[in-house]
Amino acid sequence: MEFRSTAPLIVQGDRTVLLEVNNPLYEEARDHLARFAELEKSPEYIHTYRLSSLSLWNAAAAGLSADEIVAGLERFAKYPLPDNVVTEIREAISRYGRVRLVPDPGDITRLRLMSDDVLLLLELERNRHLKPYILNRLGPHTLQVPASRRGHVKQALVKAGYPAEDLVGYVPGTTLSLDLRECCQSGMALHVRDYQRGAADVFWAGGSEAGGSGVIVLPCGAGKTIVGMAVMALVQANTLILTPSTIAARQWRTELLDKTMLSADQIGEYTGDRKEIRPVTITTYQILTHRKRGTKGQHLPLEEEFPHFELFGQADWGLIIYDEVHLLPAPVFRITAEIQARRRLGLTATLVREDGQEEDVFSLIGPKKYDVPWRDLERQGWIAPAVCCEVRLPLPDELRLSYIMAERREQYPIAAQSPNKLRILEQLLDYHREDNVLIIGMYLEQLQQVARHYDYPLITGKTSNRERELLYEDFRQGKIKHLVVSKVANFSIDLPDANVAIQISGTFGSRQEEAQRLGRILRPKDDGSQAYFYTLVSKETIDQEFSANRQRFLTEQGYRYVILYEDEIPSALPELTIVPPAATG
């Protein structure tokens, strides 16, 4: 293949891929890369992706072949692909499933680790990560490992570079008759969309050992809860649902009552307020990771250090659902390693974890089984079209010296809370005066200042659950059109009419937070109108650096990302419209 000047990609020998943004084939190339590569940098003109082993294993688990990956890269590449990269892609894809975990027919306390590659098994037998779990060799193709360490063995194999195909199977759990309604209690017909049904079917895999564990990646607003309920209807067994907050737990309960034939007394809430254990029990990560007083730092059995972990063994669960699995706290990974015999479904909008524990999600919850690009669902009308805009403004002169003299860890609060942001906020609120607006930030004093100035309701971590629910309901019903919210509103909040989000400060460079905040405004609108996501940034500061990192997620999902400066507001705002206003009259 010769040099092609019109192609958008350059694939380099170090497994990085450069993508030209201002290229007619940019969107096609980006959508191909998103299936198997990680976005590392996304400045204005050239985006950098990396072909990591984990991203390739997730692609393999989702059914993408090495031939499909290589063919796509060849189609979009300016230069011939480096031979070593082609070889490494094929090798990484081939490593997924080269070893298999299966039951030991002669001993239920043991599993068999098998491979057709005799030398590979010999290599793994000597691997320092796996060696502590090997009990015995049963021939050239088989090792024995303890069934009780199933999760730990899978973690060790990922570290060794050979993720296992887990074919051990799962306990059925206590049978629970659960059917989806044809018509919701609200009176609307329930339609499980094709991609929702497809995601559930891929996870279930006909009830075989090939299914039963994995992660479904769908945008906020795309109906991940319905996917969870569709899986529950396939499993037909007692289910434990883990959520990020009490508000999210109660939204799950509302959805289950509205869309399934479950009765109220079949659904339990296990939170700080209640401790109910029912056939379907909904809990929170916070209550599960509550430590027994005085045990922090001690090396105790899990159930002693975290007394609420006993919930995992208090009912014969046939399915455990991890909602917003990218937020799963580290202690829950530890208990998940011990309960590999239970089917496990992870639901998330992004596999990105700020703590770098993506490998633990892969090995303990399961690989990515299904995802749909956000823009695909936008084109089909399932989520609202959105434009993302970063507004850069200078620090006031009176703060520049303080910023320059501060330690790095103190610089971000100065830049993020710049009073100049309030001037831009004023202009945005005036322009969107007829819209439903969320003003989002992380600094309480900054949020309080905005709430006082405009007399808008404020929701923070100190706001009671009851008060939050009342304010959210008032917003849904149109009684209030503005909410000022802290990071507590990042997760599992259903505000379908919100169409503008203005982010005045974020959690450093958190990409997962960016996904959640954008998701708050992506519910499709009745009039087909678009959503607007603004981020106010102090230019030439660490605030701008962190914003660039958060932007990577938006770019990866294909959103139009516009950078404006203070003097371009408000004249540039009308040009951000990507959906013509609905006709009136």
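The values are calculated or read from the model by the stated rules, or taken from the named source; none is laboratory data. On a predicted model such as this, the values are computed, not experimentally measured, just so you know. Cβ atoms come from the backbone with ideal geometry, glycine included; neighbour counts cover every protein chain shown.
Overview of values
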| quantity | calculated |
| --- | --- |
| Selected residue [buried (at least 21 other Cβ atoms within 10 Å of the Cβ) and of a type in the set (A, V, I, L, M)] from Ala406, Ala415 | Ala415 |
| Single condition Lys481 does not satisfy, out of (1) over 18 Å from Gln251 (Cβ atoms); (2) crowded, with 18+ Cβ neighbours inside 10 Å; (3) modelled with pLDDT under 95 | (2) |
| Considering residues of the range 355-396 that are modelled with pLDDT under 85 and either part of a strand (DSSP E or B) or hydroxyl-bearing (Ser, Thr, Tyr) (or both) only, the residue surrounded by the fewest Cβ atoms within 10 Å (Cβ to Cβ) | Val387 |
| Flag for Gly206 being surrounded by fewer than 15 Cβ atoms within 10 Å (Cβ to Cβ), more than 25 Å from the chain's Cα centre (by Cα) and farther than 18 Å from Glu125 by Cα | yes |
| Test: residue in the range 532-555 that is modelled with pLDDT under 75, assigned by TED's automatic domain parsing to the domain that holds Val437, on the phi < 0 side of the Ramachandran plot and assigned to a loop (DSSP other than H, G, I, E, B) | no |
| Boolean, Ala233 is over 11 Å from Leu347 (Cα atoms) and either part of a loop (DSSP other than H, G, I, E, B) or without any contact (Cβ under 8 Å) to a residue 24 or more places away in the chain (or both) | no |
| Positions within the range 563-583 being modelled with pLDDT of 80 or more and β-branched (Val, Ile, Thr), in sequence order | Ile563, Ile569 |
| Residues that are more than 30 Å from Tyr133 (Cα to Cα) and of a type in the set (S, T, N, Q), drawn from the range 71-111 | Asn84, Thr87 |
| Residues of the range 173-194 that turn out to be surrounded by 15 or more Cβ atoms within 10 Å (Cβ to Cβ) and touching a Gly at 6+ places or on another chain (Cβ under 9 Å), as a count | 4 |
| Phe475, sole failed condition from (1) surrounded by 16 or more Cβ atoms within 10 Å (Cβ to Cβ); (2) modelled with pLDDT under 95; (3) in contact with a helix residue (DSSP H, G or I) (Cβ under 9 Å, 6 or more places away or on another chain) | (3) |
| Qualifying position, being closer than 25 Å to Leu120 by Cα and among the basic types (Lys, Arg), among Arg15, Arg35 | Arg15 |
| Enumerated helices (runs of 4 or more DSSP H) restricted to the range 3-79, each holding at least 2 residues that are over 20 Å from Gln357 (Cα atoms) and under 22 Å from the mean Cα position of the chain (by Cα) | 26-33 |
| Lone qualifier among Leu399, Leu327 - being farther than 12 Å from Val215 by Cβ, buried (at least 17 other Cβ atoms within 10 Å of the Cβ) and without any contact (Cβ under 8 Å) to a residue 24 or more places away in the chain | Leu399 |
| Residue list for the range 437-476, restricted to those being charged (D, E, K, R) and assigned to a loop (DSSP other than H, G, I, E, B) | Asp455, Lys462 |
| Neighbours by Cβ (under 7 Å, 6+ apart or cross-chain): first from the range 109-127, among the β-branched types (Val, Ile, Thr); second surrounded by 13 or more Cβ atoms within 10 Å (Cβ to Cβ) and assigned to a strand (DSSP E or B) | Thr109/Pro146 |
| Candidate set from the range 136-176 (those that are of a type in the set (S, T, N, Q) and in contact (Cβ under 8 Å) with a residue 60 or more places away in the chain); member that is nearest to Leu122 (Cα to Cα) | Gln155 |
| Residue in the range 241-262 that is in contact with a Phe, Trp or Tyr (Cβ under 9 Å, 6 or more places away or on another chain), assigned by TED's automatic domain parsing to the domain that holds Leu327 and acidic (Asp, Glu) present | no |
| The range 311-347, residues that are under 24 Å from Gly221 (Cβ atoms) and aromatic (Phe, Trp, Tyr) | Tyr322 |
| Criterion: touching a strand residue (DSSP E or B) at 6+ places or on another chain (Cβ under 7 Å) and either loosely packed, with under 13 Cβ neighbours inside 10 Å or among the hydrophobic types (A, V, I, L, M, F, W, C) (or both) - qualifying residue of Leu422, Leu447, Leu470 | Leu447 |
| Subset of the range 148-170 [under 18 Å from Arg342 (Cβ atoms) and touching a helix residue (DSSP H, G or I) at 6+ places or on another chain (Cβ under 8 Å)] | Arg149, Gly151, His152, Val153, Lys154, Gln155, Ala164, Asp166, Val168 |
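Residues are listed down the side, and each one gets a yes or a no for (1) over 30 Å from Pro367 (Cβ atoms); (2) under 23 Å from the mean Cα position of the chain (by Cα); (3) at pLDDT 95 or above:
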{"position": "Val217", "(1), (2), (3)": "no, yes, no"}
{"position": "Gly221", "(1), (2), (3)": "no, yes, no"}
{"position": "Ala230", "(1), (2), (3)": "no, yes, yes"}
{"position": "Ala237", "(1), (2), (3)": "no, no, yes"}
{"position": "Ala249", "(1), (2), (3)": "no, yes, no"}
{"position": "Gly272", "(1), (2), (3)": "yes, no, no"}
